[in-house]
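Peer 1: Below are the structure tokens for one structure; questions will follow.
The values are calculated or read from the model by the stated rules, or taken from the named source; none is laboratory data. Since we're looking at a predicted model, the values are computed, not measured. We place every Cβ from the backbone using ideal geometry, glycine too, and count neighbours over all the protein chains shown.
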Amino acid sequence: MRVVAGELGGRRLATPGKRADVRPTADRVREALFSILGDVLGANVLDLYAGTGALAIEALSRGAATATLVDTDPGLAERNVTELGLGDRATVVRADAGAFLRRERGSFDLVFCDPPYKLAHRLGQELDKTLPQRLAPGAVVIAESDFRRPLELALPLTDERRYGDTLLRIHAVPAE
């Protein structure tokens, strides 16, 4: 697995090997997603269920200003942030996504929600209660899940794409 484009394009990321609990977003899906998103220059990024941190790292590589990577087991994300020298722009937090959102006071322009596929269909209600307060005006939220059991969010849906078993739903918060 590698960073697809930007200042870190081509750099390798540490992967989970055969760990079944971590499923990184495939390079081709990240490439397609960032083609859809376009310019992320200056964005404040939140990567919930970060795993390897590949989504946040891709955003940083493409010009995002900062990224907060949240995971209950952030070892891979920490390793990748450290090895790529992103410690000045990325913060890795060991926390449950819901607990983080309840205590965090900042706001984010771009949010990735890529939970374990087996849990995604159960997380929508909790995220609907906690995520909107953390979104900046005009924010974009990407929900990644298995197409058979999608992550449903009440935020306005602007686009939906399927790549094999992976479903990407792009939600946009109106700018004020």
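Peer 1: Quick test of your reading of the structure: R148 fulfils all but one of (1) of a type in the set (K, R); (2) out of contact with any helix residue (DSSP H, G or I) (no Cβ under 8 Å at 6 or more places or on another chain); (3) at pLDDT 95 or above. Name the failing condition by number.
Peer 2: R148 satisfies every listed condition except (3).
Peer 1: Please give the strands (runs of 3 or more DSSP E) falling wholly within the range 61-164 in which 3 or more residues are of a type outside the set (D, E) and within 14 Å of the chain's Cα centre (by Cα).
Peer 2: Passing ranges, in order: 66-71, 90-94, 108-113, 135-146.
Peer 1: Run Y49 past the list (1) at positive phi; (2) crowded, with 24+ Cβ neighbours inside 10 Å and report the number of the one that doesn't hold.
Peer 2: Condition (2) is where Y49 drops out.
Peer 1: Inspect the range 24-38 for any residue being in contact with a Gly (Cβ under 7 Å, 6 or more places away or on another chain) and touching a residue at least 40 places away in the same chain (Cβ under 8 Å) and give the result as yes or no.
Peer 2: no
Peer 1: Further question: Please go through the range 33-51 and pick out each residue that is more than 19 Å from P137 (Cα to Cα) and over 10 Å from the mean Cα position of the chain (by Cα).
Peer 2: Within the range 33-51, L33, F34, S35, I36 meet the criteria.
Peer 1: So the check is Cβ under 7 Å with 6+ separation or different chains; which pairs have a first residue in the range 71-88 that's surrounded by 13 or more Cβ atoms within 10 Å (Cβ to Cβ) and a second one that's among the aromatic types (F, W, Y)?
Peer 2: Hits for this filter: D71/Y49.
Peer 1: Given (1) in contact with a Lys or Arg (Cβ under 7 Å, 6 or more places away or on another chain); (2) touching a residue at least 40 places away in the same chain (Cβ under 8 Å), identify the lone condition not met by E104.
Peer 2: With respect to (1) in contact with a Lys or Arg (Cβ under 7 Å, 6 or more places away or on another chain); (2) touching a residue at least 40 places away in the same chain (Cβ under 8 Å), E104 is out only on (2).
Peer 1: Another question, if that's okay. So E31 ticks every box in (1) in a helix (DSSP H, G or I); (2) over 21 Å from G164 (Cα atoms) but one. Which box is left unticked?
Peer 2: Here E31 clears every test but (2).
Per-residue answers, yes or no, for (1) at pLDDT below 95; (2) under 25 Å from R162 (Cβ atoms); (3) touching a Cys at 6+ places or on another chain (Cβ under 8 Å):
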| residue | (1), (2), (3) |
| --- | --- |
| L8 | yes, no, no |
| R12 | yes, no, no |
| D27 | yes, yes, no |
| T52 | yes, yes, no |
| A67 | no, no, no |
| L76 | yes, no, no |
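Peer 1: Picking from R169, R161, which residue would you name as being among the basic types (K, R), in contact with a Leu (Cβ under 9 Å, 6 or more places away or on another chain) and surrounded by 15 or more Cβ atoms within 10 Å (Cβ to Cβ)? So that I can check it myself, show each step before the final result.
Peer 2: Numbers: R161 fails: surrounded by 15 or more Cβ atoms within 10 Å (Cβ to Cβ).
After applying the criteria, what remains is R169.
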